[in-house]
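The structure under discussion appears below in the form of structure tokens.
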Amino acid sequence: MDRYRQVLIVESDAGVVQRLSALLSYLPARIAVSGTRADAVEAGLSHSFDLCFIAHGLVDGNGLSLLREALWGRGAVVGVLMSRHADLRVVQQAIDFGYSGVIQDPPDLQQLRPLLRRVFGGLADSPGSEHPEIVRCIAAKTDPAGELPDLRTIAGLTLTQIRSALSNFDLMRIIRAVDYPFAGKERLEYFDRDTLERVVCLVRRWSQQRLGLQDGRQVQARPELFEELRRPA
């Protein structure tokens, strides 16, 4: 039996699709993407899916009803609604339309794991080589009651960890842990996920420079630094 699960992402924002795909990359999943309601309806007619992520707002309308209208049918499906305003009213509407859960958009792994377990079982808790011990170290050191992460821990982060393994709260704690000259530290809660990731990448580079880690050999051995520099502003 095919161990891969069929996953559909219905989202008009390419950045959210990229982030969600990265979060799911360690799982045995075949991912299809629909950018509009019309594309999702067509996908539902030709395929069955084990897991569907559906954006509340799409370029051609509200995605809330898509699960019931187009994606149920040939088997059990776990539906997840992605909403930028996941308040009680939205959660109740999602329940009424048959969704298994609602996550705040943009997504992070902490929100996803309970829902991923319903489809992938224990594999959802095994992020593998993409997320080594340093991520657990960051998570421990960003506990509200614990100590802040140190320069060496921050300097050792990879782009994959920043984008996929750390929560928004973790990213904010990292930014506030150092003396990096950034004027927006008191307003981080109002920043979107992409901005937080960009600032943490700058903090990571600054930490590496403070520790004297960014010589030519270090940069050559870490190609993700070049990926970071190529990201559009």
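The values are calculated or read from the model by the stated rules, or taken from the named source; none is laboratory data. Not measured: the values here are computed from a predicted model. With ideal geometry, Cβ positions are generated from the backbone for all residues, glycine too; neighbour counts draw on all protein chains shown.
Some notes on this structure:
- Scanning segment 1-19 for residues that are surrounded by 14 or more Cβ atoms within 10 Å (Cβ to Cβ), under 20 Å from residue 83 (Cα atoms) and more than 12 Å from the chain's Cα centre (by Cα) yields 7, 8, 9, 10, 11, 12, 13.
- Per this entry, residue 46 is counted among residues that are more than 15 Å from the chain's Cα centre (by Cα), among the hydroxyl-bearing types (Ser, Thr, Tyr) and at pLDDT below 90.
- In segment 34-59, the residues that are of a type in the set (D, E, K, R) reach residues that are surrounded by fewer than 22 Cβ atoms within 10 Å (Cβ to Cβ) and not in a strand (DSSP E or B) with C-beta atoms within less than 8 angstrom, at least six apart or across chains, in these pairs: 37/60; 50/75; 50/76; 50/77; 50/119.
- The criterion of at least 1 residues that are over 20 Å from residue 11 (Cα atoms), outside the structural domain of residue 54 (by TED's automatic domain parsing) and modelled with pLDDT under 85 is met by the following helices (runs of 4 or more DSSP H) wholly inside segment 74-189: 133-141, 151-155, 168-177.
- Of all the listed residues (22, 32), the sole one being over 13 Å from the mean Cα position of the chain (by Cα), hydrophobic (A, V, I, L, M, F, W, C) and surrounded by fewer than 18 Cβ atoms within 10 Å (Cβ to Cβ) is 32.
- Hits in segment 49-73 (condition: among the small types (Gly, Ala, Ser), modelled with pLDDT under 90 and surrounded by 15 or more Cβ atoms within 10 Å (Cβ to Cβ)): 70
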